[in-house]
Amino acid sequence: MKELTRQELHNLAMNIVGKHLEENGFEFVAINSTMGKNPQFVCTKEKQLSFVVVRSIPYPEDPKEYDTVLLGKIKAHAEKSNAQVFYAGVGLVNAKEYKLPVFLNEDYIVDYDGLIAIE
């Protein structure tokens, strides 16, 4: 069993959010999967530019809680482009035993309730 790395968990979270964005009518302008580079998605919907920050959140942390300082900086940057900002926290946990890490090719549970608008 191979434990997923932080980058692999991040990529998994990005895939989950990317699929959600597509299903909800967003079109991608830019995608950045490098950890520490924000935002992960720059996209448009109905001519509105959006920046989406994605985080993979380990159990038992709450995927709805976010770094207000970081998101505030991104919001200030986004305002220059008349863009809205969203946070997408994706909780990932081993499906068989919550205390174990997420393993490659093993079942996992996703805790993702959609985009959180940063006002």
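The values are calculated or read from the model by the stated rules, or taken from the named source; none is laboratory data. Note that the structure is predicted; figures quoted are calculated from it, not measured. Here the Cβ is made from the backbone with ideal geometry for all residues, glycine too, and neighbour counts use every protein chain on show.
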Hey, can you tell me all the residues within segment 73-98 that are free of Cβ contacts under 8 Å to residues at least 60 places away in the same chain, within 23 Å of LEU49 (Cβ to Cβ) and among the β-branched types (Val, Ile, Thr)?
ILE74, VAL85
Restricting attention to segment 52-68, the residues that are at pLDDT below 95 and either of a type in the set (Gly, Ala, Ser) or within 18 Å of MET35 (Cβ to Cβ) (or both) number exactly 1
I'm checking my understanding of the structure. Among residues of segment 98-119 that are of a type in the set (D, E, K, R) and surrounded by 13 or more Cβ atoms within 10 Å (Cβ to Cβ), which one is farthest from THR68 (Cα to Cα)?
GLU106
Can you confirm whether segment 99-106 contains a residue that is charged (D, E, K, R), closer than 16 Å to LEU12 by Cβ and touching a residue at least 60 places away in the same chain (Cβ under 8 Å)?
yes
Looking at LEU92, LEU49, LEU21, LEU71 in this structure, which one is modelled with pLDDT of 95 or more, closer than 21 Å to ASN105 by Cβ and surrounded by 14 or more Cβ atoms within 10 Å (Cβ to Cβ)?
LEU92
If you check every pair at least six apart or on different chains, which have Cβ atoms under 9 Å apart with a residue in segment 12-27 that is more than 15 Å from GLN48 (Cα to Cα) first and a residue that is among the polar types (S, T, N, Q) second?
LEU12/SER56; ALA13/GLN40; ALA13/SER56; MET14/SER33; MET14/GLN40; MET14/SER56; VAL17/GLN40; GLY18/GLN40
